[in-house]
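Okay, structure first, notes after.
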Amino acid sequence: MEFKHISVLLNETVDSLNIKPCGIYVDGTAGGAGHSREIAKRLKDGQLIALDRDPEAVAIATERLKGYPATVVQSNFKDMDKVLKQLGINAVDGIMLDLGVSSYQLDNGDRGFSYHKDAPLDMRMSSSGTTAADLVNNLSEQQLADIFFRYGEEKFSRRIAERIVKERENAEIKTTIQLADIISSAVPAAARRDGHPARKCFQALRIAVNEELDSLSAVLDCAFDLLKPGGVLSIITFHSLEDRIVKLKFREYCTGCTCPPDIPVCVCGKKPKGKLLNRKPVEPSAKELEENPRSRSARLRSIVKN
């Protein structure tokens, strides 16, 4: 299957990095190399480090970045400091993360990300480690309900978890359609009209399998510390859980004095570490939404290091 993926907020993201021809940049989520290639095109004596945990994405990005000043490495973006250290790089001019699942991963039936296509219940971005089937078949009812509620904000999490546990007593749950049908049967009929009833649970399982929110929380301080003064960190999120983490962390970086308001003179000495590039997140244009409906939930936040 050809690796097809439309890069979301492509120009807005690359423009936000304010590319210097001789600068050093990191794309922590290379995917199909859409953002990476656009960054690399703007470099002359500079360098791009493109990371991805998916070995298939790494192979495609390596091919598509041939001839450009780019190095592609298979790695979780949370370990970018280790990767850069191995490359002899201590600081960079810009870092970007596109936290979405690629169209290739969604459309490739073998990967198990989609509830529309029958496939093994996998959902691993790195193609190694615990699968979604492992979680569904082995976690307790309470653990499953917690995952669906925490990572999917699914209000019927307990009903769904109860139904899954009941069904797996009869037979192991092995495929995406099998799980999607079980979820649908547990949700009230009225709720089935509000999008696909398995959507939130599949999102939750994918996040849990790939430890996405933990990786995001781990990388933010690491990435910000790697920036040179004036460097930019730009992150594209696709759901409220990710966006909330990024929003609050960026707010923390932009906050100065934290002394109580009744103290007339600052004694904490805290200064803002950065400033937001845009007060509100950048969203896809009407044209992009028309061309790529999957971009509808994308939000771009960027911060400049002081």
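A few notes on this one:
- Largest-first ellipsoid semi-axes for region 106-148, taking √(5λ) over the Cα gyration tensor eigenvalues, angstrom: 20, 12, 8
- Amide H contacts under 5 Å for Leu227, placed H, 5+ residues apart: Val92
- Choice from Asp54, Asp118, Asp93 showing the highest fluctuation, given a GNM over the chain with Cα pairs closer than 10 Å: Asp118
- For the chain, the solvent-accessible area works out to 49 Å² per residue, with a probe of 1.4 Å and every protein chain left in place.
- Scaled against the 2.2 N^0.38 Å expected of a compact globular protein of N residues, the Cα radius of gyration of region 218-306 reads 1.32.
- A convex hull fitted to the Cα coordinates of region 4-153 yields 132 cubic angstrom per residue.
- Binned Cα-Cα distances of region 76-154, short to long, each 5 Å bin given as a whole percent: 3, 12, 15, 17, 18, 13, 10, 8, 4, 0
- Given a 1.4 Å probe and the protein chains as shown, Ile60 ends up with an accessible area of around 50 Å².
- Region 39-87: C-alpha gyration tensor shape, a/c 1.5 cut-off, then a/b vs b/c: oblate
- Fully extending the segment from His116 to Arg192 would add 25.9 nm, taking 0.36 nm per residue of separation and subtracting the current Cα-Cα distance.
- Amide H contacts of Ile49: Tyr25, Val26, Asp27, Thr71, each under 5 Å away and 5 or more positions distant or on a separate chain (H built 1.01 Å from N in the peptide plane; Pro and chain starts excluded).
- Base-10 log of normalised Debye intensity for region 149-191 (one unit scatterer per alpha-carbon) at q = 0.20, 0.23, 0.30 Å⁻¹: -0.63, -0.81, -1.14
- Modelled FRET efficiency - R0 35 Å, Arg296 with Glu211, Cβ distances, 0.05 increments: 0.85
- Simple rule: put +1 on each Lys or Arg Cβ and -1 on each Asp or Glu Cβ in region 180-297, find the dipole, and look at Pro260, Leu213, Ile182; the Cα lying farthest toward the positive end is Pro260.
- To the nearest 10, the accessible area of Asp146 is 80 Å² with a 1.4 Å probe.
- Heavy-atom accessible surface of the chain: percent carbon and sulfur, 1.4 Å: 48 percent
- Taking the Cα atoms of region 251-295, the ratio Rg/Rh between the radius of gyration and the Kirkwood radius comes to 1.35.
- Here the simple spin-label model places points 7 Å from the Cα toward Cβ, and for Lys155 and Thr130 these points are separated by 2.9 nm.
- Exposure check, 1.4 Å probe, all protein chains in place: Arg64 carries approximately 70 Å² of accessible surface.
- Rg and Dmax of region 157-290, Cα atoms only, in Å: 21.8, 68
- Correct choice for mean projected area of the Cα convex hull in nm² that was computed from the model, options (1) 17.0; (2) 15.6; (3) 18.5: (3)
- Altogether, the Stokes-Einstein calculation at 37 °C and 0.692 mPa s, with the Kirkwood radius of region 184-245 over Cα pairs as Rh, returns a diffusion coefficient of 230 µm²/s.
- If the segment from Leu87 to Ala59 were pulled out straight at 0.36 nm per residue, it would be longer than the present Cα-Cα gap by 8.1 nm.
- Ordered by solvent-accessible area of protein heavy atoms (1.4 Å probe), largest first, the residues Lys82, Lys44 come out as Lys44, Lys82.
- The chain: angle of helix 55-64 to the longest principal axis, Cα-based, in degrees nearest 10: 50 degrees
- Dipole size of the chain about its Cα centre, with +1 on Lys/Arg Cβ and -1 on Asp/Glu Cβ: approximately 940 debye, rounded to the nearest 20.
- Per-residue ellipticity at 222 nm, computed for the chain from helices alone with -39500 (n - 2.57) per DSSP H run of at least four residues, works out to -12000 deg cm²/dmol.
The values are calculated or read from the model by the stated rules, or taken from the named source; none is laboratory data. Quick caveat, the model's predicted, so the values are computed rather than measured. Glycine also receives a Cβ, built like all others from the backbone with ideal geometry; neighbour counts cover every protein chain displayed. The accessibility values were calculated without ligands, DNA or RNA, using every heavy atom of the protein model including side chains. Shrake-Rupley method; radii C 1.70, N 1.55, O 1.52, S 1.80 Å.
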